[in-house]
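Notes for the one structure printed next.
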Amino acid sequence: MSALAQADGRERSEWRGEHVTIGEVAERLVALNREHARHEHGHTATRTLNLLVAPAGDVAPEELTSRLAAMADRHPSRTIIVREHPAPRLDAHVAIDCTIGGRAGGSGHCHDLALLVADAERLAHADSLVRPLRVAGLPTVLWLPGARASRAQDPLAALAHALVLDSGAACGAALPAAFARVASLAVERVRDVAWLRLSRWRRHVAARFDDPEALRLLERVERVELRSCTPQQASALLLAGWIAARAGWRIEQLTPQESGWHGTARRADGRELEIRLGPPEQPARTGIHALALHANGETIALRAPVAAPDPARAFAAALGMFDTATPGYAPALEAVLGGMARR
Amino acid sequence: MSTAQAPVAAPENPFAQDVDERLPPPSTLVLFGATGDLAARKLLPAVYDLLADGRLPERFRLLAVVRGTQDEASFREHVRAAIDMHARRDLDERLWGALEPRIGVVAGDYGSPELFDALAQRLDEGDHEDGEPSQRLFYLAISPTFFADTARGLCEAGLGRGANPPTRLLIEKPFGHDLASARELNAAIEASFEERQVFRIDHYLGKETVQNLLVLRFGNGIFEPLWNRTAIDHVQITVAEDIGIGHRAGYYDRAGALRDVIQNHALQLLSLVAMEPPASFEPNLVRDEKAKALHAVRPLDPARDAVRGQYTAGWIGGERVPGYREEEDVPSDSRTDTYAAIRVEVDNWRWAGVPFYLRTGKRLPLRTTEIAIAFKPAPHQPFRGLDGPPPPNELVISVQPNEGATLQIAAKMPGTSLRMRPVQMDFQYGTSFLRESPEAYERLLHDALLGDATLFTRADEVEAAWEVVDPVLRAWADETAIEPEPYAAGTPGPDGADQLLARDGRAWRPL
């Protein structure tokens, strides 16, 4: 059954089926696209990637829907979501959403989405479900929402150019497991949103150390302090790990504490330094808002870069990085995991 | 035996390797003409949008040079209003709170040495407050008549050649009003600033599609083998405006369409279409190739290769609009061209025999800037007995308002008979990448802060472009020359422009 609904300058055509075959789903997807083309609203079928989504069981469908809706304005894609249910069958929901061009001569754009809900056995072969639905020739990105792994993760990862996840979905004592999960994947293909949230911070740090005086002070640092709110602990740890890795320090231990993390690192010459991750001085602040490197009474202090808040920016960047490496991530992750393993 | 020690190399920044986009170093942007229209509509909003995108250095100052007595508080209000009205992003109080205290004013007369001394002192004070020197960018959003004197004033105050901290000079077109004046201006500026310090802005080069033209040509394997006289029949470059001259009669009546658009925007687009692939995207290598393309343009014969027109009253968008000579402050006997079209041949191995047709005009039916690459038809048509051969393939790169590219190909119409129809393969920035593109001035300001001159015009390019149009300008300046051909506002231009192509058996793309 298909329906065409119009509201708020948007159109949606959809179809639902239970006990379906993937061939039937593929046919419905083609039929819905053709039906839309016939409405002659000047819609352009707009896709720059195949976005596969394999959420962990504890990720609420509403949360997924709202994240995807926020992305629709940045990454036009064919989205294929794969979820698990206990019944031994494949159910599907196919939808095409179009934004109608707002003015004469303007064009709208359309996205299509397929939700596949299947049993564990089918999900273990999720690649066979997804292959017939992908748009040929477009890059494939696998998004793994949630802190735990979906059963479809491994078969779909084999199809993907990039794996998008957010190690920041975990915090506190759950972080070592979240980082270990990342390390179990092909790290060079991982686009960790927690890392990409740091892009402005990393630019900021790099710009600060263009100053030779700051570089000389780096050689004498005795304590690194980071202040961040709890949801940003993963990013703060990765920032600390990156600074340590690039400064040539080996993180010896990292331990969760009531309001952050504490650790030590050792330089190549054997001297020890301290790493502290604490809460923000002003509780209302979000994100990482201060970094300080202390050395014999001197301090390099960096405050959060001034920029407009854009909570979806890092996720959008992750989806767009199917062919771009994330230099610095692997050493940062390795440094943090090393410290966590030795605590 | 020498006791001199080897210099100690500065340690390398270990963090730089992992950063895809560098932040500019600490900078002060000094804006001459800060209360003008360009500053309000483009430059001040661009500063704010760069700040909002996290692309400004932590230590950034905006210093306005104003004539008259405007104080800091009222100028800051002016900046806030400009951002509120014209920035891409909504005004965020937190960001404004970070920017506002970094905005300062220096007042004085552009011709007075005291102004430049006061400016130098103010810049030093800012550096002292911040505890480190910042590079200084002087943006001249002022009448070109002040360019040379301002450059000299800056140099005499120690802010030009050899300045430390480093300085850059950003200037807006027009760079002269003919070849001789452009050479004179370049020489005057060169006396005060080194060429590598001078960033000449043609804002078209900051547009996403113009940069995409380079990616389209040199990032795709399929186009470059066809990008030559073997496959291309001709090229059309159109910069059409539906608006009139507004309140710019004073400038426009002296300039005209050929100077205002063809000499800069249109010839810049031509140079990007016609240039050879640079060895790399190092600024001077790109600009070398663009300059070579302009130098390869065959000298124009004004009578044969150029057409000028002037709009008369007509209708646009259901509104009656006056003719050019009826516009405010335009002399009733003005001979200024509000439309110009030229036929250009690029005399080199790649383009021999391929004409480039360039046109621009005011009060045309619509606003569009596009580059149309018309390919040669298939050499043999096996589809006999049909309605006729399909139209040749065309690649149209739309610069504005709908940024994108369209390739026209022939396709079989569905059905049992073999009938063909042209169809378009579309790429539009607005639908393929749903993110908003940065404004051209954001890109250009950011590049200037980083010292990347790729998208700025070098002195030799400017002069080469004037060399192309100079013979036509001289012919048109002759009082005995034929007057501009009238065309009604809302029509695609004078008949003579159609004849320019009809002589070659071609026609303009419809407007």
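The values are calculated or read from the model by the stated rules, or taken from the named source; none is laboratory data. Computed from a prediction, not measured in an experiment: that's the story for all the values here. Cβ sites come from the backbone with ideal geometry, for glycine too, and all protein chains shown count toward neighbours. The accessibility values were calculated without ligands, DNA or RNA, using every heavy atom of the protein model including side chains. Shrake-Rupley method; radii C 1.70, N 1.55, O 1.52, S 1.80 Å.
Values as computed for the structure displayed
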| quantity | calculated |
| --- | --- |
| Summed residue charge, Cβ within 9 Å of B:ALA188's Cβ, Lys/Arg positive, Asp/Glu negative | -2 |
| Calculated log₁₀ intensity ratio I(q)/I(0) where the Debye formula runs over C-alpha points of region B:41-168, q = 0.17, 0.20 Å⁻¹ | -0.97, -1.29 |
| Convex hull volume per residue for region A:232-298, taking Cα atoms only, in Å³ | 96 |
| Rounded tilt (10° steps) of B:283-295 against the dominant C-alpha axis of chain B | 40 |
| A/B buried area, accessible surface, summed, 1.4 Å probe, Å² | 2900 |
| Viscosity 0.890 mPa s, temperature 25 °C, Stokes-Einstein D of region A:156-230 from Kirkwood C-alpha radius, µm²/s | 164 |
| Coordinate range along principal axes, alpha carbons of region B:231-283, Å, largest first | 44, 30, 16 |
| Spin-label pair B:ASP90/B:ASP452, simplified geometry with 7 Å Cα→Cβ offset, distance in nm | 3.1 |
| Per residue Cα convex hull volume in Å³ - calculated over region B:351-413 | 142 |
| Filter on B:LYS42/B:LYS290; B:LYS173/B:LYS290; B:LYS292/B:LYS376; B:LYS42/B:LYS173; B:LYS173/B:LYS207 - keep pairs with C-alpha separation over 23 Å | B:LYS42/B:LYS290; B:LYS292/B:LYS376 |
| Drop in accessible area of at least 20 Å² in the complex versus isolated chain, residues of region A:317-333, 1.4 Å probe | A:PRO327 |
| Cα-Cα separations in chain A greater than 32 Å, expressed as whole percent | 39 |
| For chain A, Cys with no neighbouring Cys Cβ under 4.7 Å | A:CYS171, A:CYS229 |
| Shape call, region A:110-170: gyration tensor on alpha carbons, a/c limit 1.5 | oblate |
| P(r) of region A:293-343 over all Cα-Cα pairs, binned every 10 Å from zero, in whole percent | 16, 23, 43, 16, 1 |
| Degrees, to the nearest 10: B:208-218 long Cα axis against longest axis of chain B | 70 |
| Gyration tensor verdict on region B:370-511 (Cα atoms; rounded if a/c is under 1.5, prolate if a/b is larger than b/c, oblate otherwise) | oblate |
| For region B:145-277, fraction of C-alpha pairs farther apart than 24 Å, in % | 48 |
| C-alpha long axis of helix B:179-190 to longest principal axis of chain B, angle in ° | 20 |
| Descending semi-axes in Å of region A:73-203, equivalent ellipsoid built from Cα gyration tensor | 27, 24, 13 |
| Rg followed by Dmax, in Å, when region B:201-325 is reduced to its Cα trace | 17.8, 52 |
| Charge sum, other residues only, whose C-beta stays under 9 Å from B:TYR357's C-beta, Lys/Arg counted +1 and Asp/Glu -1 | +2 |
| Label-point separation, B:GLU319 to B:ALA410 (7 Å along Cα→Cβ), nm | 4.4 |
| Kirkwood estimate for region B:201-250, i.e. one over the average of 1/r between Cα atoms, Å | 14.1 |
| Pairwise FRET efficiency - A:ARG266 versus B:GLU72, Cβ, R0 = 51 Å, nearest 0.05 | 0.50 |
| Nearest-0.05 FRET efficiency for A:GLU274 and A:SER66, computed from C-beta distance (R0 60 Å) | 0.90 |
| The protein assembly as shown, accessible surface, carbon-and-sulfur percent (1.4 angstrom probe) | 51 |
| Cα gyration tensor, region A:194-247 - rounded (a/c under 1.5), prolate or oblate | prolate |
| Label-to-label distance, nm, for residues given as A:THR230 and B:LYS376 (7 Å Cα→Cβ offset) | 7.2 |
| Zero-based 10 Å bins, Cα pair distances in chain B, whole percents | 3, 17, 26, 25, 17, 8, 3, 1, 0, 0 |
| Additional length obtainable on full extension of the chain from B:PHE218 to B:GLU156, 0.36 nm per residue less Cα span | 18.0 nm |
| Rounded FRET efficiency, nearest 0.05, which uses the C-beta distance separating A:ASP210 from B:ALA477 and R0 of 35 Å | 0.10 |
| Taking the convex hull of Cα positions in region A:250-343, its mean projected area over all directions (nm²) | 8.6 |
| Hull-based mean projected area of the protein assembly as shown, where the convex hull spans the alpha carbons, in square nanometres | 44.2 |
| Rounded to 5, percent antiparallel among DSSP beta bridges of chain B | 55 |
| If the convex hull is drawn through the Cα atoms of region B:288-327, its volume per residue in Å³ | 144 |
| Probe 1.4 Å, accessible area per residue of the protein assembly as shown, Å² | 44 |
